[in-house]
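Report on the structure given below.
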Amino acid sequence: MKDFADRIAVITGGANGIGKCIAEEFRKNGARVCVIDKAEGEHFVGDISDKAVLEQFTKKVLAEHGHIDFLINNALPLMKGIAACSYEEFQYALSVGVTAPFYLSKLFVPYFNPGGSIINISSSRDRMSQPQTESYTAAKGGIAALTHALAVSLAGRVRVNSVSPGWIDTAYTVYEGADAIQHPCGRVGDPMDIANMVLFLCSDKAGFITGENICIDGGMTRQMIYHGDHGWSLEVSDP
């Protein structure tokens, strides 16, 4: 398949997990992929919370290719809760999860080819939470809102959408029992569930879609759960 032949895809956090899967799928479809990640490897190594790193990365991509077609803001922000998260850690999470996607978009906007797309990876936590997840949840909520703001500002130039994964097992573990059946789809997700949507949103087939946040969670955020209903129960432990 060469649906993206010679198109340039830029992916943050593309060395592992969902980002790696997205990068591999773009390559399989003919794209040339530029990755930035903190993990060591053959990609551009750097911390996207650092403005200078973002500028250096952008200059390298443009020096090599002159333009881009797709920007995938995927890098994971820090997850810590209000009990343990310091001011500096919260700021770091927002820098990775919101500021970097904004600044990369700003830096690359003049260099997008016609038909370009920005895809922001949010999370189903942009609409629901577990205790002690404030830094991550705030960052994911921020990037979901940033998506529709960018879509309006960049109208007619670049389409901007976000994808909100639910439980995605990056080791492709096959779960059974309660872990699987709590999802209306009957299973836990894997990175291909996200990569498939990212590539679709970047394709001409999604040419009438912008400003959207698409939740891919097997239906978990749509399922209402009450204690004692349909076999669900809650055990309350002493604090």
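The values are calculated or read from the model by the stated rules, or taken from the named source; none is laboratory data. No experiment lies behind these values; they were computed from the predicted model shown. Using ideal geometry, Cβ is built from the backbone for each residue, glycine included, and neighbour counts are taken over all protein chains shown.
Going by what's in this entry, would R32 be described as surrounded by 15 or more Cβ atoms within 10 Å (Cβ to Cβ), of a type in the set (D, E, K, R) and in contact with a strand residue (DSSP E or B) (Cβ under 9 Å, 6 or more places away or on another chain)? Answer is yes for this residue.
With respect to the conditions (1) surrounded by 16 or more Cβ atoms within 10 Å (Cβ to Cβ); (2) among the polar types (S, T, N, Q); (3) over 30 Å from L150 (Cα atoms), T210 lacks only one, and its number is (3). A residue that is in contact (Cβ under 8 Å) with a residue 40 or more places away in the chain and not aliphatic (A, V, I, L, M) occurs somewhere in segment 27-38.
Given the options K60, K51, K38, K80, name the one that is closer than 21 Å to S153 by Cβ and either of a type outside the set (S, T, Y) or crowded, with 16+ Cβ neighbours inside 10 Å (or both).
Exactly one residue qualifies, and that residue is K51.
Taken together, L94, L154 contain a single residue that is under 16 Å from the mean Cα position of the chain (by Cα) and either within 21 Å of F57 (Cβ to Cβ) or surrounded by fewer than 17 Cβ atoms within 10 Å (Cβ to Cβ) (or both), which is L94.
Select from segment 162-188 the residues that are within 20 Å of G17 (Cβ to Cβ) and either surrounded by 20 or more Cβ atoms within 10 Å (Cβ to Cβ) or of a type in the set (S, T, N, Q) (or both) and list them in ascending order. Lay out the reasoning, then the answer.
Within segment 162-188, the subset within 20 Å of G17 (Cβ to Cβ) is 162-175, 179, 183, 187-188.
If the condition is that a residue be within 20 Å of G17 (Cβ to Cβ) and either surrounded by 20 or more Cβ atoms within 10 Å (Cβ to Cβ) or of a type in the set (S, T, N, Q) (or both), then S162, V163, S164, P165, G166, I168, T170, T173, V188 are the ones that fit.
Identification of helices (runs of 4 or more DSSP H) wholly contained in segment 123-239 with 3 or more residues that are at pLDDT below 95 yields 178-181.
For D3, the conditions (1) crowded, with 23+ Cβ neighbours inside 10 Å; (2) under 22 Å from A206 (Cβ atoms) are fulfilled apart from (1).
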